[in-house]
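J.: One structure follows; several queries about it will come next.
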Amino acid sequence: MSHLFYQGRGRKPVLDQARGVYMWDTDGRRYLDGSSGAMVCNIGHSNPAVLAAMREQMERATFGYRLHFETEASERLAAKTVAKMPEGLNRVFFVSGGSEAIESAMKLARQHAVATGRAGRWKVISRSPSYHGCTLGALAVTGFRSLTEPFAPMMREMPKVPAPRAYLDGLDPEDPATGRHYADMLEAQILREGPESVLAFVLEPVGGASTGALVPPEGYMARVREICDRHGVLLIMDEVMTGAGRTGAFLGCEHWDTQPDIVVMSKGFAAGYAPLGGIVAPDWLVEPVLDQGGFAHGFTYAGNPLACAAGAAVLDQIEQQGMVANAARMGELLLARLRELAARYEIIGDVRGKGLLTAFEFMSDPVKKTPLPREFRAFERFVQIAYDNGLIVYSRRTRDGVEGDHILVCPPLIATEAHLDEIT
Ligand code: PLP
């Protein structure tokens, strides 16, 4: 028996090696990493340049506490990160993962409100379904009942608005009226809450595991920005899954030219080479907080030099190998192939995505959009068959079908057409 426990009892194969888009277990079986782990290993496994940069940093120093030392690695990564951000986002705060980064973004927003005489603002509106992390603060803005319910008494749950799942509501995602329809629900919620109590709105520009690569309808993002501005609400862009090129742009929000107030990064940021996350914010958000004595927040491992050296080398690799453009190109091919599959198998009710963040959703009736009955095990069998044939996909089956049953297909951004052939 293993001493480890994670989500369930099932035993997994033991990982031995990983190179590029492939992984091998200790029995010598090969797997194509069709989900980049959990949409993490964007640049592929065992990239020699990243390993060399990490080795070099390890031989210099593996830890320096952030209140005692700056490190060249963290300064280098901060500069490279800022260079990739929309205009004005030039201040970086590092952490070790996505949940920590979401907590940090919400606390920075809150401290800014307190520092600027708007202490009545504390509510962070988010969407349902959504996923923003598993710590209690991040969970409070997560719209996914089976994950949040057991912990409800331990946290102050935040207001939710529906995610724009036009395909379920029978609306045309290409029609700007659809985007307005969903964005206006945010405005209605802000007015219900009282705008003077609302601090921020947090969203994934392209939905991740919770909504299975949900792409916002036409006009949605611009309208959301307009509504946030109108009511003095900060717009926090959760780019944990979409950032670092996954959707075919460095940030997901670039597809809609939407200016965020805070960008939240993790996953592809260090691409699985080290635990890393971060938030990026403009001076006008950070300076008032520093003027009031500093950001009352920080994790022991924040700015870890090894993680930062990995992150800086990962960003270099993304750039040098043109991975963002490759994600855009391969993403279109992959979507087309998944659509061909959907045409052959009635159980696939919807196919969607942007870049190499793609997903399909299983439904028992794709016309009426009814979820699979819970006792129907085709979903689990599909995932098992993929696994048995050496393909890893990311699956999310929900307790009662409310959030949808998705398979995410998100290979590393170095995937070639041959890899897509193998996957489909
Ligand atoms: N935000 C989004 C959009 C995510 O997909 C995730 C993780 O899947 C998180 C936040 C939380 O990140 P972590 O699991 O690194 O804490």
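The values are calculated or read from the model by the stated rules, or taken from the named source; none is laboratory data. Quantities reported herein were computed from a predicted structural model and do not represent experimental measurements. So basically every Cβ, Gly included, is an ideal-geometry build from the backbone, and we count neighbours across all protein chains shown.
J.: Can you tell me which residues in the range 239-268 are aromatic (Phe, Trp, Tyr) and in contact (Cβ under 8 Å) with a residue 60 or more places away in the chain?
T.: Scanning the range 239-268 gives a single hit, Phe250.
J.: Something else about it: Would a scan of the range 279-292 turn up a residue that is under 22 Å from the mean Cα position of the chain (by Cα), within 16 Å of the ligand (Cβ to nearest atom) and buried (at least 24 other Cβ atoms within 10 Å of the Cβ)?
T.: Within the range 279-292, one or more residues are under 22 Å from the mean Cα position of the chain (by Cα), within 16 Å of the ligand (Cβ to nearest atom) and buried (at least 24 other Cβ atoms within 10 Å of the Cβ).
J.: What single numbered condition from (1) under 21 Å from Gly97 (Cα atoms); (2) over 19 Å from the mean Cα position of the chain (by Cα); (3) crowded, with 22+ Cβ neighbours inside 10 Å fails to hold for Ala296?
T.: Condition (3) is where Ala296 drops out.
J.: Sticking with this structure for a sec: Scan Lys107, Lys160, Lys84, Lys80 and give me the residue that is surrounded by fewer than 21 Cβ atoms within 10 Å (Cβ to Cβ) and in contact with a Gly (Cβ under 6 Å, 6 or more places away or on another chain).
T.: Only one candidate passes the filter, namely Lys160.
J.: Among Val215, Val161, which is part of a loop (DSSP other than H, G, I, E, B), in contact with a Lys or Arg (Cβ under 6 Å, 6 or more places away or on another chain) and more than 24 Å from Gly272 (Cβ to Cβ)?
T.: Val215
J.: Given the residues Ala166, Ala101, which is the only one that is in the same structural domain as Leu214 (by TED's automatic domain parsing), away from the ligand (no atom under 16 Å from the Cβ) and not acidic (Asp, Glu)?
T.: The conditions single out Ala166.
J.: For the range 131-158, what are the residues that are more than 10 Å from the ligand (Cβ to nearest atom) and in a loop (DSSP other than H, G, I, E, B)?
T.: Those that are more than 10 Å from the ligand (Cβ to nearest atom) and in a loop (DSSP other than H, G, I, E, B): Gly143, Phe144, Met155, Arg156, Glu157, Met158.
J.: If Ile190 satisfies every condition in (1) within 21 Å of the chain's Cα centre (by Cα); (2) buried (at least 19 other Cβ atoms within 10 Å of the Cβ) but one, which is the exception?
T.: (1)
J.: Quick one: would you say Tyr6 is without any contact (Cβ under 8 Å) to a residue 40 or more places away in the chain, within 16 Å of Leu420 (Cα to Cα) and not charged (D, E, K, R)?
T.: Criteria not met by Tyr6.
J.: Right, here's the next one. Check every one of the strands (runs of 3 or more DSSP E) wholly within the range 324-424 and list those with 2 or more residues that are surrounded by fewer than 22 Cβ atoms within 10 Å (Cβ to Cβ).
T.: 348-354, 394-396
J.: Mind checking which residues of the range 34-51 are within 16 Å of the ligand (Cβ to nearest atom) and not in a loop (DSSP other than H, G, I, E, B)?
T.: Answer for the range 34-51, where residues must be within 16 Å of the ligand (Cβ to nearest atom) and not in a loop (DSSP other than H, G, I, E, B): Ser36, Gly37, Ala38, Met39.
J.: Does Val224 satisfy the condition of being more than 16 Å from the ligand (Cβ to nearest atom) and buried (at least 24 other Cβ atoms within 10 Å of the Cβ)?
T.: So Val224 passes the test.
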